[in-house]
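In what follows, a single structure is set out as structure tokens and then discussed.
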Amino acid sequence: QVQLVESGGGLVQAGGSLRLSCAASGRFASSYAMGWFRQAPGKEREFVAAISVSGSSTPYADSVKGRFTISRDNAKNTVYLQANSLKPEDTAVYYCAAAIVAGLSPDIYHNWGQGTQVTVSS
């Protein structure tokens, strides 16, 4: 089992940036693909980005492509989501999750963090 803790959320104006972090602990923590998802009030959880164990595969949702960047530091067991040019519609609770392979469906992720709130004001 791997434990995940997100941080870095907050309140930012439209056009601003935030860097979210997801610290993983537990056995083989650096051996999992990781994903970021988000859930806005009244909406379903949606895929944002994912990264393979090596970092060579990084799929993104169309809504964030070109604005968000996912990366990982396996020595620190940490995954990052750099979010630039933020928009009010990016407002949501952001979750990181671990999986065997990087993918878009939340069903393949078996461990989830508690989430961090991102609020973008207009």
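Here are a few things to note about the model shown:
- Flag if LEU18 is touching a residue at least 24 places away in the same chain (Cβ under 8 Å) and either more than 24 Å from SER122 (Cβ to Cβ) or open to solvent by 10 Å² or more (accessible area, probe 1.4 Å) (or both): yes
- Unmet criterion (only one of (1) surrounded by 14 or more Cβ atoms within 10 Å (Cβ to Cβ); (2) without any contact (Cβ under 8 Å) to a residue 40 or more places away in the chain) for VAL2: (2)
- Tallying residues that are in contact with a Phe, Trp or Tyr (Cβ under 8 Å, 6 or more places away or on another chain) and open to solvent by 50 Å² or more (accessible area, probe 1.4 Å) within the stretch 35-59 yields 4.
- Checklist (1) touching a Ser or Thr at 6+ places or on another chain (Cβ under 9 Å); (2) in a loop (DSSP other than H, G, I, E, B); (3) under 16 Å from ALA99 (Cα atoms) applied to ALA24, failing item: (2)
- Residue in the stretch 97-116 that is buried (at least 18 other Cβ atoms within 10 Å of the Cβ), within 19 Å of THR58 (Cα to Cα), touching a Leu at 6+ places or on another chain (Cβ under 6 Å) and touching a residue at least 40 places away in the same chain (Cβ under 8 Å) present: no
- Filtered residues of the stretch 16-46 (kept if out of contact with any Gly (no Cβ under 7 Å at 6 or more places or on another chain), under 13 Å from LEU81 (Cα atoms) and hydrophobic (A, V, I, L, M, F, W, C)): ALA23, MET34, TRP36, PHE37
- Residues of the stretch 70-93 that turn out to be under 15 Å from GLY16 (Cβ atoms) and either touching a Lys or Arg at 6+ places or on another chain (Cβ under 6 Å) or open to solvent by 40 Å² or more (accessible area, probe 1.4 Å) (or both), as a count: 6
The values are calculated or read from the model by the stated rules, or taken from the named source; none is laboratory data. Bear in mind that the values here come from a model prediction, so they are computed numbers and not experimental data. Neighbour counts run over all protein chains shown; Cβ positions are idealised from the backbone, glycine included. Note: accessible area is taken over every heavy atom of the protein model, side chains too, but ligands, DNA and RNA are not part of it. Shrake-Rupley method; radii C 1.70, N 1.55, O 1.52, S 1.80 Å.
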